[in-house]
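The structure under discussion appears below in the form of structure tokens.
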Amino acid sequence: MPPSAEPVRVLLVDDRSLFRRSIAELIDQQEDLTVVGEAENGLEGVEKASALKPDVVITDIEMPVMDGVEATRLIRERLPGVKVVILTVSEEDEHLFEAIRFGAQGYLLKDLRPAELYDMVRAVMRDEAALSPAIAGRLLGQIRDGAMTSHVPDPEPEMPALTRRELEVLRLVADGMGNKEIATTLFITEGTVKNHVHNALEKLQLENRTQAAAYIVRKGLGGGADGARE
């Protein structure tokens with residue numbers, strides 16, 4: 001991150017104050033990240049997100065008053081530019097699917113190392129998905145088994161076709177590649193990758209890369225599938 005750039009502003013939402021404080025202290029040790037607020041339940045998290053307009057909200061799932069899934073839905077509805085990352089001990093599939101359906105950009109388990117958390121926050125700011133390895137494997141497995149059919153938005157049949165390059169980029173997204181890896185693989189710039197992903201998400205009416213990966217796998221477009229135009 002260039003020295004002149006503003007640090008990424010983070011809001012923490014968790015009902016355990018000791019855990020929340022510990023995460024805040026760790027994040028504030030990073031020059032490019034700063035905690036601008038804390039909340040102890042989902043409702044307070046929504047209210048503080050509206051007031052503080054952070055770049056990223058890191059929220060637990062199971063909390064009193066309002067859980068993290070509902071908070072994710074409300075934050076993404078009211079503040080579509082804010083990234084939401086789930087940080088939880090919950091590995092329940094329903095929580096995972098619902099959070100992604102409502103626009104969560106990441107789903108992390110609390111057993112990750114501090115450096116992994118920092119990297120994941122930075123990844124979502126590059127519009128990349130942030131998933132713990134165990135969660136990513138389970139998610140793709142469930143998609144292939146058809147478990148996410150009712151959880152991921154399905155574009156209308158008349159939706160404009162993706163270009164060949166857009167489809168190519170989304171296939172690599174579904175393979176778990178970040179922007180830099182995709183750019184290197186396709187011999188294009190990271191900016192071009194971002195543009196292709198943005199355009200494809202708009203055409204498919206999807207929220208983020210995680211939903212796009214789910215769509216590619218579920219529709220069987222990961223191989224030599226047709227359906228793209230030049």
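The values are calculated or read from the model by the stated rules, or taken from the named source; none is laboratory data. Note that this is a predicted model, so its numbers are computed, not measured. For neighbour counting, all protein chains shown are included, and Cβ atoms are generated from backbone atoms with ideal geometry for every residue, glycine included. Ligands, DNA and RNA are excluded from the accessible area calculation, which covers all protein heavy atoms including side chains. Shrake-Rupley method; radii C 1.70, N 1.55, O 1.52, S 1.80 Å.
Remarks
- Answer residue from the range 41-59, given it is modelled with pLDDT of 95 or more and in a loop (DSSP other than H, G, I, E, B) and is most open to solvent (accessible area, probe 1.4 Å) among those: 53
- Tabulated pairs, the range 55-84, first over 19 Å from residue 36 (Cβ atoms) and basic (Lys, Arg), second buried (at least 24 other Cβ atoms within 10 Å of the Cβ) and modelled with pLDDT of 90 or more, C-beta under 6 angstrom, 6+ apart or interchain: none
- Of the residues making up the range 31-55, those that are touching a strand residue (DSSP E or B) at 6+ places or on another chain (Cβ under 6 Å) and closer than 14 Å to residue 14 by Cα number 7.
- Any hit, the range 92-99, residues being touching a residue at least 40 places away in the same chain (Cβ under 8 Å) and either within 18 Å of residue 9 (Cα to Cα) or of a type outside the set (A, V, I, L, M, F, W, C) (or both): yes
- Residue in the range 124-133 that is at pLDDT 80 or above and either under 16 Å from residue 61 (Cβ atoms) or over 16 Å from the mean Cα position of the chain (by Cα) (or both) present: yes
- The number of residues in the range 143-182 that are open to solvent by 70 Å² or more (accessible area, probe 1.4 Å), in a loop (DSSP other than H, G, I, E, B) and at pLDDT below 75 comes to 8.
- Qualifying position, being open to solvent by 20 Å² or more (accessible area, probe 1.4 Å) and touching a Lys or Arg at 6+ places or on another chain (Cβ under 7 Å), among 65, 36: 36
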